[in-house]
1. Quick test for you: out of Arg132, Arg106, pick the one residue that is out of contact with any Asp or Glu (no Cβ under 8 Å at 6 or more places or on another chain) and of a type in the set (D, E, K, R).
2. Which of the residues that make up the stretch 138-162 are outside any strand (DSSP E or B), open to solvent by 70 Å² or more (accessible area, probe 1.4 Å) and more than 18 Å from Ala34 (Cβ to Cβ)?
3. As an exercise: evaluate His133 against (1) at pLDDT below 90; (2) within 21 Å of Ile19 (Cβ to Cβ) and give the number of the one condition it does not meet.
4. Tally the residues that are of a type in the set (Asp, Glu) and open to solvent by 70 Å² or more (accessible area, probe 1.4 Å), restricting the search to the stretch 27-78.
Amino acid sequence: MLVLTRERKTDNTIAVKKIRVPSGGELPYVSAQAVRYWIRMTLQNAGGKWIAAPIYREGKVAYTAADPINNWDDDLFGYMRAPSKKADAAKDAAATPLEKDRDITRVSPFRVSTIVAVAPSTVIDDFGTMSRHNGDPVPYEHQFYRAHLAGLFSLDLSCAGTFLTANA
């Protein structure tokens, strides 16, 4: 349960997600999506040979190349690629027959749970300003905390680097 009951003092507020426990305390948590993003960005920015999938966007839909052979994050983190139903998308010369005819998915061999504080933690409200420009600084609120977080991570070694295809 996300609890955002405090009064905002600025237009820009970044709140910590937390779970209220029966004892009256709150456990800060980080969503599985955020953890996966952190891992993906860490691998991409570490200076190694990590090969990240390009991201494409059509309106409000974003997707990767859905190519686990050439893009390692498509292999480890999975994907879902559903072709557009629009007539102009079906005419796109750059689209492969696979993309035009059916959805393609890969279940993630690397799985991550939400990570949650192991004990209640005090969340601190703080203020900051973005002031690297001319004019008045832009104030914002943010929260922070210190906690040990626990979660589950798993890697299905039999699926990583293994690919199957089936005609539907």
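The values are calculated or read from the model by the stated rules, or taken from the named source; none is laboratory data. What you see is a predicted model; the values in this text were computed from it and never measured. Note that each Cβ is placed from the backbone with ideal geometry, even for glycine, and that neighbours are counted across all protein chains shown. Please note that ligands, DNA and RNA were not included when accessible areas were found on the heavy atoms of the full protein model with its side chains. Shrake-Rupley method; radii C 1.70, N 1.55, O 1.52, S 1.80 Å.
1. Values: Arg106 fails: out of contact with any Asp or Glu (no Cβ under 8 Å at 6 or more places or on another chain).
Exactly one of Arg132, Arg106 is out of contact with any Asp or Glu (no Cβ under 8 Å at 6 or more places or on another chain) and of a type in the set (D, E, K, R), namely Arg132.
2. Leu157, Ser158
3. Of (1) at pLDDT below 90; (2) within 21 Å of Ile19 (Cβ to Cβ), only one is false for His133: (2).
4. 1
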